[in-house]
Amino acid sequence: MDTQKIENIELKYLTVDDYEELKSATLESYGGVLNSYWKEQHIKDLTTKFPEGQVVIKIDGDIAGCALSIIVDFDNIDDEHTYEDIIAGESFKNHDPDGDVLYGIDVFIKPEYRGLRLGRRLYDYRKEVCENLNLKGIVFGGRMPNYHEHKNLSPKEYFEKVKRKEIHDPVLNFQISNDFHPVRILKGYLEGDTASNEYAVLMEWDNIYYTKPNKKASTVKTVVRLGLIQWQMRTYTGLDELMQQVEYFIDSVSAYRSDFAVFPEFFNAPLMAEFNHMHEPEAIRELAKFTEVIVEKLKQLSISYNINIISGSMPELVDDKLYNVGYLCRRDGSVERYEKIHVTPDEAKVWGMQNGNKLQTFETDCGKIGILICYDSEFPELSRLLADEGMDILFVPFLTDTQNGYSRVRLCAQARAIENECYVAIAGSVGNLPNVNNMDIQYAQSAVFTPCDFSFPSNGIKAEATPNTEMILVADVDLSLLRELHSHGAVKNLKDRRKDFYDVIRINNNK
């Protein structure tokens, strides 16, 4: 077909008035095989039951292609079903407006119009219907029209060779290129399909925007606002004054309707000034006595300011062992704890701090999040485990004294965003504490990092604070862009992992 002669291409709903032309187009597309077309009553039934599922492409007013589909409750469909089972003797009684999957029952392009990518238009339309109706996905039985030439292979072997481009199959190749993946082989799927030896591959496309219907009021957000607090280390007269500063910042980021307020690692270190006459291990154990009170105050602030608070980290004694821990205080009043898995050599040598063993993702009203304290961000295995649990945002509260140390955290955080296809937010402290041993100076530039793909900043930096300045950094992140990236990114770091060759596993499952 000469595209220069085409004046108009349009996609329209199929109507009964199109029947005679549709019949002719169907016979042409299927090589004139007797009874390869739908009866007029079938088209009337389909366009009545599910009009938006039946479409045609018209070129200069003539039908060039068609796609027919129904909605099914996929749990009620047998794994080993046939085409006849789906159309139910052409009664289409399996169509269920309250079903969860779009089932494709026919699609064709007339021979003279092939090569114009019209099939892709029909498939893209089906995907839009799926998204608009909040269906889980699309399924259909994919024919294997060249299988009759390779009967020495099993259907599975044949499909694998098609995937590896060792065998050309125009139908399967097209479906794979349109993001459909195989579920299982169906035997005896379409009676009389000798080219496929009556086999088919059940192909599936997943709607990444599908949300499970919820009868309860839902407040899960897709655009999340992060409030990072670049904390100034300074002297305080006591806990009350420090908490006044904490509340000031929470008030500030909540005024911008932030969903999270994120504090740095050891933000409460100024309280150690009172114990500076002690040896460092004793002084930090005195600081640990404030942790329970601070967490309770943060819990109250999270409720009163309607914001999720990530407490950075604080020292905590458990069975007389010292850990570096933090708390997630949700705005619904619930509280959860996380630990630093890798303490730095300095934390172990000077304070006697122990490695933690608690790693998990946390469900929030803004998606699933992970939290790694400072040094932990430099170990890619931890964030990979969190990514496997579905993490959308990784928070990294940190404390670094030099620009070298900061660069390690920053560069590793950017790598975590790319390799795990997630957002990473880092929040640190600035200034100095001359009256606290082992806490002399701090260097920080808080930031929010993204994957590097077309929907995100090309350099992977969503926002960043002014270096070494006390301030807040507010940035929005769109979780729906991550869903799209997982399936349609230029590269797919999560999906393309060679789990047949290597894997990251958790040995200690303590959560």
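Brief remarks follow.
- Filtered residues of the range 25-66 (kept if touching a strand residue (DSSP E or B) at 6+ places or on another chain (Cβ under 8 Å), of a type in the set (Phe, Trp, Tyr) and modelled with pLDDT under 95): Tyr30, Trp38
- Selected residue (criterion: surrounded by the fewest Cβ atoms within 10 Å (Cβ to Cβ)) from residues of the range 194-211 that are in a loop (DSSP other than H, G, I, E, B) and either in contact with a Phe, Trp or Tyr (Cβ under 8 Å, 6 or more places away or on another chain) or without any contact (Cβ under 8 Å) to a residue 40 or more places away in the chain (or both): Asn197
- Condition check for Pro451: assigned by TED's automatic domain parsing to the domain that holds Gly370, in a loop (DSSP other than H, G, I, E, B), surrounded by 23 or more Cβ atoms within 10 Å (Cβ to Cβ) and not hydrophobic (A, V, I, L, M, F, W, C): yes
- The range 164-175, residues that are in contact with a helix residue (DSSP H, G or I) (Cβ under 7 Å, 6 or more places away or on another chain) and assigned to a helix (DSSP H, G or I): Leu172, Asn173, Phe174
- Of all residues in the range 32-82 being in contact with a Pro (Cβ under 9 Å, 6 or more places away or on another chain) and not in a helix (DSSP H, G or I), the one that is nearest to Asp206 (Cα to Cα): Ile71
- Counted residues, the range 237-276 - those being in a loop (DSSP other than H, G, I, E, B) and surrounded by fewer than 17 Cβ atoms within 10 Å (Cβ to Cβ): 5
- Looking only at the range 365-381, residues that are surrounded by fewer than 23 Cβ atoms within 10 Å (Cβ to Cβ), touching a residue at least 60 places away in the same chain (Cβ under 8 Å) and either in a strand (DSSP E or B) or not assigned by TED's automatic domain parsing to the domain that holds Glu419 (or both) come to 2 in all.
- For the range 191-233, filtered to residues that are aromatic (Phe, Trp, Tyr) and modelled with pLDDT under 90, the residue that is farthest from the chain's Cα centre (by Cα) is Tyr210.
- Residues satisfying the criterion are absent from the range 23-38 (criterion: in contact (Cβ under 8 Å) with a residue 12 or more places away in the chain, in contact with an Asp or Glu (Cβ under 7 Å, 6 or more places away or on another chain) and either farther than 19 Å from Arg114 by Cβ or β-branched (Val, Ile, Thr) (or both)).
- Within the range 325-354, being part of a strand (DSSP E or B) and touching a helix residue (DSSP H, G or I) at 6+ places or on another chain (Cβ under 6 Å) holds for Tyr327, Cys329, Val335.
Residue-by-condition table, conditions (1) part of a loop (DSSP other than H, G, I, E, B); (2) touching a Gly at 6+ places or on another chain (Cβ under 9 Å); (3) without any contact (Cβ under 8 Å) to a residue 24 or more places away in the chain:
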{"position": "Gly99", "(1), (2), (3)": "yes, no, no"}
{"position": "Val107", "(1), (2), (3)": "no, yes, no"}
{"position": "Gly115", "(1), (2), (3)": "yes, no, no"}
{"position": "Glu131", "(1), (2), (3)": "no, no, no"}
{"position": "Ile138", "(1), (2), (3)": "no, yes, no"}
{"position": "Pro145", "(1), (2), (3)": "yes, no, no"}
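- Residue within the range 429-441 that is among the polar types (S, T, N, Q), surrounded by 22 or more Cβ atoms within 10 Å (Cβ to Cβ) and either free of Cβ contacts under 8 Å to residues at least 60 places away in the same chain or on the phi > 0 side of the Ramachandran plot (or both) present: no
- Residue in the range 7-30 that is assigned to a loop (DSSP other than H, G, I, E, B), under 21 Å from Gly142 (Cβ atoms) and in contact with a helix residue (DSSP H, G or I) (Cβ under 9 Å, 6 or more places away or on another chain) present: no
- Qualifying positions in the range 95-124 - over 24 Å from Ile77 (Cα atoms) and of a type in the set (Phe, Trp, Tyr): Phe108, Tyr113
- Leu386 falls short of the stated requirement of being closer than 24 Å to Ser480 by Cα, surrounded by 15 or more Cβ atoms within 10 Å (Cβ to Cβ) and touching a residue at least 40 places away in the same chain (Cβ under 8 Å).
The values are calculated or read from the model by the stated rules, or taken from the named source; none is laboratory data. It should be emphasised that the depicted structure is a prediction, and the values quoted were computed from it without experimental measurement. No Cβ is skipped: glycine too gets one built from the backbone with ideal geometry, and neighbour counts run over all protein chains shown.
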